[in-house]
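One structure is given here, and the rest of the page talks about it.
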Amino acid sequence: MQADPASPAGSAHPLAQQRPLGDRGFQILALASGLLVLVILVLIAVSTSQQASSWFTTEGLKIFTNNWDPATNQFGALAFIYGTVITAIIAVVISVPLSIGIALLLTEVVPYRWARPIVYVIDLLAVVPSVVWGLWGFLVFAPWIQHIYAHIGNVVSGVPVLGALFGPPTSGVSFFTAGLILAVMITPIVTSLSREVIATVPAIDREGAYALGATRWEMITGAVWPHSQGGVVGAVLLGLGRAMGETIAAALVIGSSAVITSHLFAPGYNMPAVIANQFGEASGLFRAALMGIGVLLFVITIIVNLIARGIVERSARRKRGA
């Protein structure tokens, strides 16, 4: 019996009938998983906002004042917002050049057989618990670096700008120490993400740049960076979100002083640290204020991650258009 010439060769009717059902099942599963994440985020936001509603209604815009005194029911959170922003900026400024440099080193300079051990070490650093970094920072790093802070403070004391930033008073537990510890914590994350993005640059782009007589630096700036800058910026913003939300490590090394000061070597406070340190003894409006700080931190972190996602998607659209 001859096969029907109109039927496609090698057609398997049972497989062709099952594939649409499997595709629909996978689509439903993926959609349900994505919706579940959104539902969880909404439930977290709603539940914490309800518990913090008394703080928002009682304080109003006073939540953005620098007046945190639980004994008199004054709960202005500006000092904690300031500390969160300052420590995150310090961490990003220190971490980003180092992370991008390591990523370029591993992808463009070091041979693959030598790069693999370095990648393993970076991945191991990314999984070190934050409490370990915090304890090391508090017990070892802060006492050691306090003498360096004091020396720098004495040298720049009286200098118009540097004196206001790094002059006395100085302390081992401070904004700058917290920023340094956060920089160490986010560097493996930013490095790994940047390395993965840079590795996706087509080899033909690199070879074309070399064929035109470009040096390695010109190849990186002319071929590698334009292709990967959106992903690298997204990695940086994800690291920024991690730095802003880190709790235990920052709580141990920042100093627990609710002040707004330009002195980076002075003790301070940030939003995750105040929640971790004071939530156990809080009740009533005090507890609501801490929950409200958590809501503000949640919103800020979500905004940072959305910005990162938008930058990555815009870069992907630009590459598709090109």
| said: Would you confirm whether or not the range 99-112 contains a residue that is polar (S, T, N, Q), touching a residue at least 60 places away in the same chain (Cβ under 8 Å), part of a helix (DSSP H, G or I) and farther than 20 Å from residue 274 by Cα? | reply: yes
| request: Would you check which residues across the range 189-217 are under 25 Å from the mean Cα position of the chain (by Cα) and surrounded by 15 or more Cβ atoms within 10 Å (Cβ to Cβ) and list them? | output: 189, 190, 191, 192, 193, 194, 195, 197, 198, 201
| field | Cross-chain or 6+ apart pairs with Cβ under 7 Å, the range 114-133 first and touching a residue at least 12 places away in the same chain (Cβ under 8 Å), then among the small types (Gly, Ala, Ser) | value | 122/192; 123/192; 126/192; 130/249; 133/249
| task | Would you be able to say whether some residue in the range 140-149 is within 16 Å of the chain's Cα centre (by Cα) and farther than 30 Å from residue 67 by Cβ? | result | no
| Would you say residue 220 is under 28 Å from residue 90 (Cβ atoms), over 21 Å from the mean Cα position of the chain (by Cα), at pLDDT 85 or above and among the hydrophobic types (A, V, I, L, M, F, W, C)? | yes
| message | Anything in the range 25-72 that is of a type outside the set (S, T, N, Q) and surrounded by 12 or more Cβ atoms within 10 Å (Cβ to Cβ)? List them, or say none. | response | 41, 44, 45, 52, 55, 56, 59, 62, 63, 64, 68, 70
| message | Only one of 60, 22 is within 21 Å of residue 271 (Cβ to Cβ), without any contact (Cβ under 8 Å) to a residue 60 or more places away in the chain and in a helix (DSSP H, G or I). Can you tell me which? | response | 60
| message | I'm told residue 208 meets every condition in (1) under 30 Å from residue 123 (Cβ atoms); (2) touching a helix residue (DSSP H, G or I) at 6+ places or on another chain (Cβ under 9 Å) except one. Can you identify the failing condition by its number? | response | (1)
| said: Can you list the helices (runs of 4 or more DSSP H) lying wholly within the range 209-321 that have 1 or more residues being over 30 Å from residue 44 (Cα atoms), without any contact (Cβ under 8 Å) to a residue 60 or more places away in the chain and of a type in the set (Ser, Thr, Tyr)? | reply: 225-245
| Could we say that residue 30 is at pLDDT below 85, out of contact with any Lys or Arg (no Cβ under 9 Å at 6 or more places or on another chain) and in a helix (DSSP H, G or I) here? | no
| remark: Contact list, first residue from the range 136-157 and closer than 9 Å to residue 170 by Cα, second anywhere and open to solvent by less than 80 Å² (accessible area, probe 1.4 Å) and outside any helix (DSSP H, G or I), beta-carbon distance below 6 Å, six or more apart or interchain, is 146/172; 149/170; 149/265; 150/170; 153/167; 153/168; 153/170
| query | Of everything in the range 139-165 that's in contact with a Ser or Thr (Cβ under 9 Å, 6 or more places away or on another chain) and of a type in the set (Phe, Trp, Tyr), which residue is surrounded by the fewest Cβ atoms within 10 Å (Cβ to Cβ)? | reply | 141
| request: Tell me which residues, restricted to the range 181-208, are out of contact with any His (no Cβ under 6 Å at 6 or more places or on another chain), of a type outside the set (S, T, N, Q) and outside any helix (DSSP H, G or I). | output: 202
| For the subset of the range 252-273 comprising residues that are more than 17 Å from the chain's Cα centre (by Cα) and small (Gly, Ala, Ser), which member is surrounded by the most Cβ atoms within 10 Å (Cβ to Cβ)? | 268
| said: Just the residues that are of a type in the set (A, V, I, L, M, F, W, C) and open to solvent by 60 Å² or more (accessible area, probe 1.4 Å), please, taken from the range 303-316. | reply: 303, 306, 307
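The values are calculated or read from the model by the stated rules, or taken from the named source; none is laboratory data. Nothing here was measured: the structure is a model prediction, and the numbers come from that model. A quick note on method: Cβ atoms are made from the backbone with ideal geometry, for glycine too, and the neighbour counts reach across all protein chains shown. Heads up: the accessible areas ignore ligands, DNA and RNA and are worked out on the full protein's heavy atoms, side chains in. Shrake-Rupley method; radii C 1.70, N 1.55, O 1.52, S 1.80 Å.
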